[in-house]
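Q: So that we are looking at the same thing, I have put the structure below in structure tokens.
The values are calculated or read from the model by the stated rules, or taken from the named source; none is laboratory data. Small disclaimer: the values here were computed from a predicted structure and weren't measured. Cβ atoms come from the backbone with ideal geometry, glycine included; neighbour counts cover every protein chain shown.
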């Protein structure tokens, strides 16, 4: 529960304390029941556990202090908004995607019920007065990755970056021009001009965050992963919400411990269940439903290609350019390589999935698709066709954040595990 | 040595005791508000009836919706694996299994080695499940066991467009007001359920032999609609509601050897 100091802080940023208590009680209960229920967690996960709680407490204080001293910040959603550029203009990006089921119905105030739970959770929090960051930003930057989001940005008057829908040269040019326009936008917001020197620093900094995330993730390739899929998810979620330097240090401590665990052959799992990859939509902080359903059913989530997985940190920005124009192009290229299903076609995603299956010794793929995400839902069939050719089975789960269908999901998940690993029958 | 399979479903619980060759005892009870307790009670009752001790039973495998909450099980398997095992034991050439229970409907594809290759299952709604038929029976004030025979009396089914158990009720009331007979409403409902299953088949395919199992397989109206709509001959095991429990008992007994098409229980043993 929140302490008195936190209450004061939340009141200062305009949070409805009564409803916020309900939200936190709901989130904490789920956090204990899912992520914290894993049997053999590294002790270095403590930082990430506290990061989960801090996102509605001390992190809010940090950003409030920063802003009191004149710092500028923007709200963001997708992993398309380039952190490097915002940071180089002394603008702090705050990812706002909601992963909690609790506020979902509050979105009814402005949004239809049949749009994705991520949008509904995010704005449900805003409309119920439980989002602590609502007053801690000077602008909000959306992007054109899905129809419901585009119109939500229009409705709320957000700044919008245009993510193209194809990957031809003309689209690449358009994207570069959008990235340059974004630089102008953040420069105007803070009055700070982005210099080559400063941008080089922030490129390196954000790349460092990607590299520690990659390093944590690499451990999951091992036959006995020292970190669970649930914990790896929490690491990604915390990356999006906490201070970048502190996060990198937290990851470095975790990497040291994981290294020691490997030496002592300590696995995060009690049983060597089927190795699965999660593919599809993100699981923002508060949502660990499908990861939990899988791992509590004896499957091991050893890879996650979503936006709260490898899509977020797979590629780094090329650090070789020294001039501003070269760096801007390197940034645009890196973000343009993201294999979001909003692209047509999206061959890179299939290639990445097949490569990950090999590198992480994946036995089966679980499509985790948020309800009403048409592009990932339909693209699952394209992925399955490719998986069929390499004889990798898949299971498609289309669901929201609520736990009402968990038992039905577990029937499918356990069956999927039994289908992947029929030799289990021999162990009776 | 005996092995036991317990299928704790959303509506009913079935228990099968198997000696490796045939079924030596079985029973069925309602899941009710305390399914795990009811399962335990039914199991103990079955042992008493057969004058057996707990120690006569080597292993218990639980399946069904309540499988993870039954403390007395040595192992759990999903319904999909258990139904496949139970079906193959009775109909060795089964390649497609349709299972409709109280709260869900599933379709499985088996390979030549009787392994589950692929499956589909309904999402969280009750469309195309036993619950749907139960709701309709209640609206029509007809015992659910009688719906099958009754529906087949109608030469043709009404067009039921809603597959939602809640909305279908409204639609059916409307149809009755317009003068539709309860028989034609039922037949229409069976067709709607079959179309739902056909939709699942579109995703994973159908291959002979096709077996229909689970409690709803006892409904001749649904069976007929499935045959009409899919154009395939569909077989139903004797006492299809026990298929999951039988499969669980066989998995409990299988001790290292996978259930395969060779080691089968005779169909007669089940009856």
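Q: Considering each of A:415, A:402 in turn, give the residue that is within 10 Å of chain B (Cβ to nearest Cβ) and surrounded by fewer than 21 Cβ atoms within 10 Å (Cβ to Cβ). Give the steps one after another, and end with the answer.
A: Values: A:415 fails: surrounded by fewer than 21 Cβ atoms within 10 Å (Cβ to Cβ).
Result of the check over A:415, A:402: A:402.
Q: Let me ask something else. Pull up region A:60-86, narrow it to residues that are assigned to a loop (DSSP other than H, G, I, E, B) and free of Cβ contacts under 8 Å to residues at least 24 places away in the same chain, then point me to the one that is surrounded by the fewest Cβ atoms within 10 Å (Cβ to Cβ). Let's see the steps before the verdict.
A: First, pick out the residues of region A:60-86 that are assigned to a loop (DSSP other than H, G, I, E, B): A:69-71, A:77-82.
This time we only want the ones that are free of Cβ contacts under 8 Å to residues at least 24 places away in the same chain, so: A:69-71.
Details: A:69: 7, A:70: 9, A:71: 15.
Filtering first and then ranking leaves A:69.
Q: For the subset of region B:99-111 comprising residues that are outside any strand (DSSP E or B) and touching a residue at least 60 places away in the same chain (Cβ under 8 Å), which member is nearest to the other protein chains (Cβ to nearest Cβ)?
A: B:104
Q: Consider residue A:199 carefully, then state whether it is part of a helix (DSSP H, G or I), touching a strand residue (DSSP E or B) at 6+ places or on another chain (Cβ under 7 Å) and surrounded by 17 or more Cβ atoms within 10 Å (Cβ to Cβ).
A: no
Q: A further question on this structure: Could you check, for region B:126-139, whether at least one of its residues is touching a residue at least 40 places away in the same chain (Cβ under 8 Å) and at the interface with another protein chain (Cβ under 10 Å from one of its Cβ atoms)?
A: Taking every residue of region B:126-139 in turn, none turns out to be touching a residue at least 40 places away in the same chain (Cβ under 8 Å) and at the interface with another protein chain (Cβ under 10 Å from one of its Cβ atoms).
Q: Continuing with the same structure: Could you grab me the full set of residues in region A:249-264 that are crowded, with 18+ Cβ neighbours inside 10 Å and either free of Cβ contacts under 8 Å to residues at least 12 places away in the same chain or under 10 Å from residue A:209 (Cα atoms) (or both)?
A: Selection gives A:251 alone.
Q: Could you list, in sequence order, the residues of region B:223-250 that are assigned to a helix (DSSP H, G or I) and closer than 21 Å to residue B:31 by Cβ?
A: B:240, B:241, B:242, B:243, B:244, B:245, B:246, B:247, B:248, B:249
Listed here are the residues, each with its yes/no results for (1) part of a helix (DSSP H, G or I); (2) at pLDDT 95 or above; (3) within 24 Å of residue A:99 (Cα to Cα); (4) in contact with a strand residue (DSSP E or B) (Cβ under 7 Å, 6 or more places away or on another chain).
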| residue | (1), (2), (3), (4) |
| --- | --- |
| A:208 | yes, yes, no, no |
| A:213 | yes, yes, yes, no |
| A:216 | yes, yes, yes, no |
| A:233 | yes, yes, yes, yes |
| A:248 | yes, yes, yes, no |
| A:251 | yes, yes, yes, no |
| A:269 | no, yes, no, yes |
| A:278 | no, yes, yes, yes |
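Q: Return the residues of region B:104-126 that are over 19 Å from residue A:417 (Cα atoms) and either surrounded by fewer than 19 Cβ atoms within 10 Å (Cβ to Cβ) or not assigned by TED's automatic domain parsing to the domain that holds residue B:183 (or both); say none if nothing qualifies.
A: Passing the criteria: B:112, B:124, B:125.
Q: Which ranges mark the helices (runs of 4 or more DSSP H) fully within region A:3-59 that have 1 or more residues being more than 20 Å from residue A:403 (Cα to Cα) and over 21 Å from the mean Cα position of the chain (by Cα)?
A: The helices (runs of 4 or more DSSP H) meeting that bar are A:4-12, A:17-33.
Q: Same structure again: Out of curiosity, is residue A:371 over 25 Å from residue B:82 (Cα atoms), surrounded by 16 or more Cβ atoms within 10 Å (Cβ to Cβ), within 10 Å of chain B (Cβ to nearest Cβ) and touching a strand residue (DSSP E or B) at 6+ places or on another chain (Cβ under 8 Å)?
A: Against the criterion (over 25 Å from residue B:82 (Cα atoms), surrounded by 16 or more Cβ atoms within 10 Å (Cβ to Cβ), within 10 Å of chain B (Cβ to nearest Cβ) and touching a strand residue (DSSP E or B) at 6+ places or on another chain (Cβ under 8 Å)), residue A:371 qualifies.
Q: Another question, then. Kindly indicate the residue of region B:62-96 that is away from chain A (no Cβ under 13 Å) and outside any loop (DSSP other than H, G, I, E, B) and also farthest from residue B:13 (Cα to Cα) among those meeting that condition.
A: Restricting to residues being away from chain A (no Cβ under 13 Å) and outside any loop (DSSP other than H, G, I, E, B), the top hit is B:96.
Results for (1) in contact with a strand residue (DSSP E or B) (Cβ under 7 Å, 6 or more places away or on another chain); (2) in a helix (DSSP H, G or I); (3) not assigned by TED's automatic domain parsing to the domain that holds residue B:253, shown as yes or no for each residue.
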{"site": "B:5", "(1), (2), (3)": "yes, no, no"}
{"site": "B:17", "(1), (2), (3)": "yes, no, no"}
{"site": "B:20", "(1), (2), (3)": "no, no, no"}
{"site": "B:25", "(1), (2), (3)": "yes, no, no"}
{"site": "B:29", "(1), (2), (3)": "yes, no, no"}
{"site": "B:38", "(1), (2), (3)": "yes, yes, no"}
{"site": "B:41", "(1), (2), (3)": "no, yes, no"}
{"site": "B:44", "(1), (2), (3)": "no, yes, no"}
{"site": "B:47", "(1), (2), (3)": "no, yes, no"}
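Q: Let me ask another. Taking residue A:194 and the conditions (1) out of contact with any helix residue (DSSP H, G or I) (no Cβ under 8 Å at 6 or more places or on another chain); (2) closer than 24 Å to residue A:324 by Cα, which numbered condition does it fall short on, given that it satisfies the others?
A: Here residue A:194 clears every test but (1).
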